[in-house]
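One structure is given here, and the rest of the page talks about it.
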Amino acid sequence: MQLFYNPNITLTDDSFVFDKEESKHIIKVLRKKEGDILFVTNGLGYLFKTEIALASDSKCTVTIVSSEKQEPSGFHLHLAVAPTKMNERYEWFLEKATEIGIHEITPIICDHSERKVVKTDRYQKIIESAMKQSLHYFIPKLNEPISFKEFVKKDFSGQKFIAHCEETDKKSLKSELKADENVVLLIGPEGDFSTKEIQLALDTKFTPISLGNTRLRTETAAVVACHTVVLLNE
């Protein structure tokens, strides 16, 4: 099944129109024609079966044939990950985490961050593409960048973890996780969290954890953490 994405479609709609870019892709590239069936999600858990009513490459119009709803997960995984120096590595993380089943992502700007300016528009497109490719009906929420200090002071429900590389008493993420509970997990930049940041996280009740015996890159650590949480909750 090929999946399309339109965030504006609702259960009360009888039909809708794709934007010009998507319309051109459907008609010119995929060579779809009137009467063809398209499957569309709005990213909120709904899958719509639609039929092309107007095969226009500027405003492809479809009518809704039926819809179904996917139940949400029993847990919510929120990763706060520092942007990487090389942007493509962060984009790789976004793609893979979306495929695995992450729910929410926040770029956090840390003391040792080498990249402090983040353009979320491109990140959003990568997430949308990965959602369609992996046939998810829920799109992960991408938040605007925020400082580490501001983030850790927010109220979160569920388990809170920080993964860092300092030689302190840490348990493995796998041993600390509880099924069907919300999870917020902090992943630092290439230079790791500063000592000050680690202490601030501990002061705000984040539990220090390890992701294994080897030192991982930021994007690798984030994907490992994501997979560990999702696998436990299957």
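Taken together, the values in this text are just the output of simple stated rules run on the coordinates, not laboratory data. For clarity, every value in this text was computed on a predicted model and none was experimentally measured. Cβ: placed from backbone, ideal geometry, glycine included. Neighbour counts: every protein chain shown.
Too long at a 32 Å Cα-Cα cut-off: which of Lys20/Lys154; Lys69/Lys96; Lys32/Lys85; Lys119/Lys205; Lys96/Lys205; Lys28/Lys85? Check vs 32 Å cut-off fails for Lys20/Lys154; Lys32/Lys85; Lys28/Lys85.
Protection proxy ranking, highest mean first, for peptides 51-62, 218-229, 14-25: 218-229, 51-62, 14-25, where packing is the per-residue count of other beta-carbon atoms within 10 Å, averaged.
The length gained by stretching the chain between Glu166 and Thr63 to full extension, at 0.36 nm per residue less their Cα-Cα distance, is 31.4 nm.
Measuring nothing but how far apart in sequence close Cα pairs (under 8 Å, 6+ apart) lie, relative to its length, segment 32-73 scores a relative contact order of 35 percent. Ordering of 156-166, 198-208, 29-39 by packing is 156-166, 198-208, 29-39, highest average first (other Cβ atoms within 10 Å, averaged per residue).
In percent, how large is the relative contact order of the chain, given Cα pairs closer than 8 Å and 6 or more residues apart? Let's see the in-between values first.
Values: 454 pairs, mean separation 48.1, N = 234.
The normalised contact order for the chain reaches 21 percent.
Assign unit charges at the C-beta atoms only (+1 for Lys and Arg, -1 for Asp and Glu), then state the dipole size of the chain relative to its Cα centre in Debye, rounded to the nearest 20.
Details: 31 positive and 35 negative charges, 73 e Å.
For this selection, approximately 340 debye.
In nm², what is the average projected area of the convex hull enclosing the Cα atoms of segment 1-90? Walk me through the numbers before you get to the answer.
Values: hull surface 32.0 nm².
Taking the Cα atoms of segment 1-90, their convex hull projects to 8.0 nm² on average.
Between Lys154 and Leu231, take the C-beta separation as r, use R0 = 25 Å, and let me know the FRET efficiency to the nearest 0.05. Efficiency at R0 = 25 Å is approximately 0.40.
Put the Cα centre of segment 124-190 next to the Cα centre of segment 197-234 and the gap is 8 Å.
Only helices enter the 222 nm calculation for the chain: every DSSP H run of n ≥ 4 contributes -39,500 (n - 2.57), and dividing by all residues gives -8000 deg cm²/dmol, rounded to 500.
Sorting the Cα pairs of segment 1-54 by distance into bins of 5 Å, from 0 upward, gives 4, 18, 34, 27, 13, 3 percent per bin.
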